[in-house]
Amino acid sequence: MADIIRLLPDSIANQIAAGEVIQRPSSVVKELLENALDAGGTLIQLIIKDAGKTSIQVIDNGKGMSETDIRMAFERHATSKITSANDLFAIKTMGFRGEALASIAAIAHVETISRMPDEDLANRLCIEGTEITKQDKVQSAGGTNMIVKNLFYNVPARRKFLKSDPVELRQILDEFHRVVLANPDISFSMHHNGNEVYHLPKTTLKLRIIGVAGKNYNEQLVPVSEQTDVVTISGFVGKAEAAKRTQGDQFIFVNKRFIKSNYLNHAIRGAFEDLVAKEVYPSYFLFLDIDPANIDINVHPTKTEIKFEDERMIYNYLRVTIKHALGQYSISSLIDFGVDQNFVSKFSKGNQSTDNATVNVHQTTTSPDPLLNYRHTAKDTKGWEEVYKSMVSVDQTTENPISVLDTIEGEAYQMSLDESLSDVTSNKTPYQLHKNYIIYQIKSGMMMIDQQAAHERILYENYLATFSKTQKFSQKELFPITVDLDPAKAAICKKILDKINALGFEMSEFGQNTFVVHGTPVGLDNSVSVGYLIEEILNKYTENLEFELGIEENLARSLAASSCIKHGRTLDKDEMNGIIDQLFGCVVPFKSPSGKKCFITIELDELSKRFNS
Ligand code: ADP
Ligand code: MG
């Protein structure tokens, strides 16, 4: 039988190899940005059309390429960054495999214009699927300009499996964020379909984080810094209270290279141990500097995985360093304020931040605060009288399924309350138990109020009422806040934007998936960032969709759940009295809209039985 084994032609070999390195437009973005960095660029521009499907362009002002190098650059295993196997253990550049440009050229139309500083004219090279179609000299600024068009034009199967533009763009943004966060000393810009998405001048790491992740980070970043013989750890972690329900701002860089490591994530998470709830993710922007001899970045072609010589030690250092940073932070905030930081930021609007660099300034408002008026002004008894009235007027015919439940279960309470209320005096002091419950004496014994459930109920009824009011109370933002959402959330947000604004937000669309907020309902918790709040509302709104509640009902619930006082918040006497009063001013005080009991009562009889048993 004849021999059947043949060498693959270069073009096919390159296409196959390209599959390893270039999976989607964002892979091209990553490779081109890294090349621009390696070339010593100080100003790097990324220009995208149609989420990279039509074109991806990166322009740098780096060292450029000679006439020969510009051709060599597209050969497989052609690199200027290493010359021997030993160099693999001392890598200081982002690239070193010499595969990226060869791969890109195999599956796209590439035009490169590059000029070295000491040359008059730039070299231009056009390649289509590994074939050089043009090489000449042109006028150009110094540095390199790479344009990659029609990605996967000759691999239809791959092109077909590209996701929608918003999804591909999200991936591109992720890569862009990783590169710009690791290089605050370099200026970047990004355009998509003619719009400038980012303009990031050279700056400090802190300001770069704020530039990328949002102004709200200004008050939320705790610096981390530790130097040992093996590793230097620097960067920032987000305060525990700022942790989000959705994953997003978790970055670990090793020698400026973004890496993914569940192991190290676990170490960081461990440092936050008791400080955050299970379902939230603290943010971090951490930089590990390690002697390249002690790591192996050669594990994966796209190089987001890494092997450390002593992973356990790095794990421990990281954990201890962050714990230390968080500890330092909480000690210094105690010294600074003398009181619970949460408490200060929650209730003292004018005093919300002592950080001079505050970007997100809220204008103090003179309008009345209809939603969060905790300061207890009326005599205690007044509230209780209202309780009595409202108990009797509970609307039994309400259509809302959860409210119906409330009223049925409520009947039992109504009985005991009717009796208790007849003898409430004005000077009973409420007591807060474990920052969760308010304890209050009633005639028949005692009442325990769940502060979170109760406040959620109060806000929910307030917000629901707001929809029918013509006058809205908004608190204007001095600087409008932009909120970037993922495409799915952005679509929901667009759909219900009118209703969101009917609650007192002043929010409008601002380009694709971005919204700008000029005002928020008066009385919102200032310690929570507006972007975070909007995301929370949309998360809850999406979760609630299965209940088919109607937009207003759903939104009122979502905002109430997102913005209510949570467990763990210290309350003073006035605030507790305010909650008690307002809760029993509610139409249905028994349960929170999400179905939790707002209060329970314990009878004296029951207490005495327990003592005597
Ligand atoms: P690697 O980055 O791993 O070396 P690439 O295929 O990405 O491999 O690039 C090949 C070579 O092309 C690089 O080693 C570098 O010499 C040159 N090169 C690529 N991009 C640029 C650029 N923007 N400016 C200057 N030289 C570049
Ligand atoms: Mg490269």
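The values are calculated or read from the model by the stated rules, or taken from the named source; none is laboratory data. Note that the structure is a prediction, hence the values are computed from the model and not measured. Note: ideal-geometry Cβ built from the backbone for every residue, glycine included; neighbour counts use all protein chains shown. Quick note on the areas: whole protein, heavy atoms, side chains included, nothing else; ligands and nucleic acids left out. Shrake-Rupley method; radii C 1.70, N 1.55, O 1.52, S 1.80 Å.
Exactly one residue out of Lys476, Lys435 is at pLDDT below 85, closer than 30 Å to Asn554 by Cα and in contact with a His (Cβ under 9 Å, 6 or more places away or on another chain): that is Lys476. Residues that are of a type in the set (A, V, I, L, M, F, W, C), in a loop (DSSP other than H, G, I, E, B), closer than 28 Å to Pro156 by Cβ and under 36 Å from the mean Cα position of the chain (by Cα): does region 99-107 have at least one? Scanning region 99-107, I find at least one residue that is of a type in the set (A, V, I, L, M, F, W, C), in a loop (DSSP other than H, G, I, E, B), closer than 28 Å to Pro156 by Cβ and under 36 Å from the mean Cα position of the chain (by Cα), so the answer is yes.
Have a look at Leu169, Leu173, Leu162 and point out the one that is open to solvent by less than 40 Å² (accessible area, probe 1.4 Å), more than 16 Å from ligand 1 (Cβ to nearest atom) and part of a loop (DSSP other than H, G, I, E, B). Sole residue among the options that is open to solvent by less than 40 Å² (accessible area, probe 1.4 Å), more than 16 Å from ligand 1 (Cβ to nearest atom) and part of a loop (DSSP other than H, G, I, E, B): Leu162.
When region 440-481 is limited to residues that are part of a helix (DSSP H, G or I), open to solvent by 30 Å² or more (accessible area, probe 1.4 Å) and out of contact with any Lys or Arg (no Cβ under 8 Å at 6 or more places or on another chain), the one that is farthest from Leu503 (Cα to Cα) turns out to be Glu461. Residues in region 38-49: is at least one farther than 21 Å from Leu151 by Cα and in a helix (DSSP H, G or I)? The answer is yes, given that some residue of region 38-49 is farther than 21 Å from Leu151 by Cα and in a helix (DSSP H, G or I).
Is it the case that region 479-498 has a residue that's of a type in the set (Gly, Ala, Ser), modelled with pLDDT under 85 and within 26 Å of the chain's Cα centre (by Cα)? For region 479-498, residues of a type in the set (Gly, Ala, Ser), modelled with pLDDT under 85 and within 26 Å of the chain's Cα centre (by Cα): present.
The residue list Ala90, Ala85, Ala108 contains one member that is more than 23 Å from Val138 (Cβ to Cβ) and in contact (Cβ under 8 Å) with a residue 60 or more places away in the chain, which is Ala90. Candidates are the residues of region 92-115 that are away from ligand 2 (no atom under 12 Å from the Cβ) and over 15 Å from Thr144 (Cβ atoms); the one that is most open to solvent (accessible area, probe 1.4 Å) is Lys92.
Can you tell me which residue is farthest from Ala293 (Cα to Cα) among those in region 77-89 that are open to solvent by less than 60 Å² (accessible area, probe 1.4 Å) and more than 10 Å from ligand 2 (Cβ to nearest atom)? Out of the qualifying residues, it is Ala78.
Residues that are of a type in the set (Asp, Glu) and within 16 Å of ligand 1 (Cβ to nearest atom) were ranked within region 116-140; the one that is least open to solvent (accessible area, probe 1.4 Å) is Glu119.
Here Gly143 fulfils each of the conditions (1) in contact with an Asp or Glu (Cβ under 7 Å, 6 or more places away or on another chain); (2) away from ligand 1 (no atom under 13 Å from the Cβ) apart from (2).
So that you can scan it fast, the table gives a plain yes or no per residue for (1) closer than 16 Å to Arg158 by Cβ; (2) at pLDDT below 95:
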| position | (1), (2) |
| --- | --- |
| Ile12 | yes, yes |
| Ala17 | yes, yes |
| Glu34 | no, no |
| Leu37 | no, no |
| Ile56 | yes, no |
| Gly64 | no, no |
| Ala78 | no, yes |
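Of the strands (runs of 3 or more DSSP E) contained entirely in region 187-266, those carrying at least 2 residues that are among the polar types (S, T, N, Q) and either free of Cβ contacts under 8 Å to residues at least 24 places away in the same chain or in contact with a helix residue (DSSP H, G or I) (Cβ under 9 Å, 6 or more places away or on another chain) (or both) fall at 221-227. Take region 54-67 and flag every residue that is open to solvent by less than 40 Å² (accessible area, probe 1.4 Å), more than 16 Å from ligand 2 (Cβ to nearest atom) and part of a loop (DSSP other than H, G, I, E, B). Correct list: Ser66 only. For region 1-20, the tally of residues that are within 16 Å of ligand 1 (Cβ to nearest atom) and either open to solvent by 50 Å² or more (accessible area, probe 1.4 Å) or within 28 Å of the chain's Cα centre (by Cα) (or both) stands at 3. Kindly indicate whether Val224 is within 21 Å of the chain's Cα centre (by Cα) and buried (at least 21 other Cβ atoms within 10 Å of the Cβ). Yes: the conditions hold for Val224. Is it the case, given these coordinates, that Leu46 is of a type in the set (A, V, I, L, M), more than 16 Å from Leu101 (Cβ to Cβ), in contact (Cβ under 8 Å) with a residue 12 or more places away in the chain and within 13 Å of ligand 1 (Cβ to nearest atom)? Considered against the rule, which asks whether it is of a type in the set (A, V, I, L, M), more than 16 Å from Leu101 (Cβ to Cβ), in contact (Cβ under 8 Å) with a residue 12 or more places away in the chain and within 13 Å of ligand 1 (Cβ to nearest atom), Leu46 comes out as yes.
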